[in-house]
Number of protein chains: 2
Amino acid sequence: MNNRVRQLRGEFKITQERLADRLGVSRQTVISIENGRYNPSLVLAYKIAKIFACSIEEVFDFSEVEIGE
Amino acid sequence: MNNRVRQLRGEFKITQERLADRLGVSRQTVISIENGRYNPSLVLAYKIAKIFACSIEEVFDFSEVEIGE
DNA sequence: ACTTAACGTTAAGTACACTTTACATATTAG
DNA sequence: CTAATATGTAAAGTGTACTTAACGTTAAGT
């Protein structure tokens, strides 16, 4: 799933390390999310969105998520 | 973290099994989420919200989530 | 030339999201 | 009374979100 974390972090001009500190996670976690290795947990996604003054849906791209009948 | 899944499922009058089918997960997963055993993944949270025509933040209560300095 | 800052990788470990199977209980329908 | 429906619990297994630690690269500052 694509996300706008790297873009938003650029707009807010903060480093991965600074973002990781604010989120309370390791720098590796920020790298992994930015590089699409895995998706954040629900709570972490929420924290990311709030730091960038967005909703979760504005940061993460759910357009490829399919929902059944 | 609290959520409104059980309440919304009641309003939409569908069973846990039916919801699980639409989400593509097991019934146990729905039970665990409704009963607060654990939080859904980001993608699952999105699917739940869409089925009930809500945003993620309208379904899940993030009021106790703290964000650092 | 050397250092520091920022970003990235790899690897091994822990915790949790989710699965399957099996069984228990309460309520409702025939 | 019996059977079906809906909800719940327990246990053991798999995959992924996240951690720590160590190391490599590139660009900027002095």
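Can you confirm whether A:GLU58 is more than 9 Å from DNA strand C (Cβ to nearest atom), among the acidic types (Asp, Glu) and at pLDDT below 95? The answer is no for A:GLU58. Closer than 13 Å to B:LEU42 by Cα and small (Gly, Ala, Ser) - does that describe any residue in region A:32-40? Looking through region A:32-40, none of the residues is closer than 13 Å to B:LEU42 by Cα and small (Gly, Ala, Ser).
Here's a check for you: in region A:1-41, which residue that is among the small types (Gly, Ala, Ser) and over 12 Å from the mean Cα position of the chain (by Cα) is surrounded by the fewest Cβ atoms within 10 Å (Cβ to Cβ)? Before you say what the answer is, go through the steps one by one.
Within region A:1-41, the first condition is being among the small types (Gly, Ala, Ser), and the residues that meet it are A:10, A:20, A:24, A:26, A:32, A:36, A:41.
Pick out the ones that are also over 12 Å from the mean Cα position of the chain (by Cα) and you get A:10, A:24, A:26.
Details: A:GLY10: 10, A:GLY24: 13, A:SER26: 12.
Taking the candidates together, the pick is A:GLY10.
With respect to B:GLY68, is the statement that it is facing chain A (nearest Cβ under 7 Å) and closer than 30 Å to A:ARG22 by Cβ true? The answer is yes for B:GLY68.
For region B:42-61, filtered to residues that are at the interface with chain A (Cβ under 7 Å from one of its Cβ atoms) and surrounded by fewer than 19 Cβ atoms within 10 Å (Cβ to Cβ), the residue that is nearest to B:GLY24 (Cα to Cα) is B:VAL43.
The values are calculated or read from the model by the stated rules, or taken from the named source; none is laboratory data. Here the structure is a predicted model, which is why all the values come from computation and not from measurement. Here the Cβ is made from the backbone with ideal geometry for all residues, glycine too, and neighbour counts use every protein chain on show.
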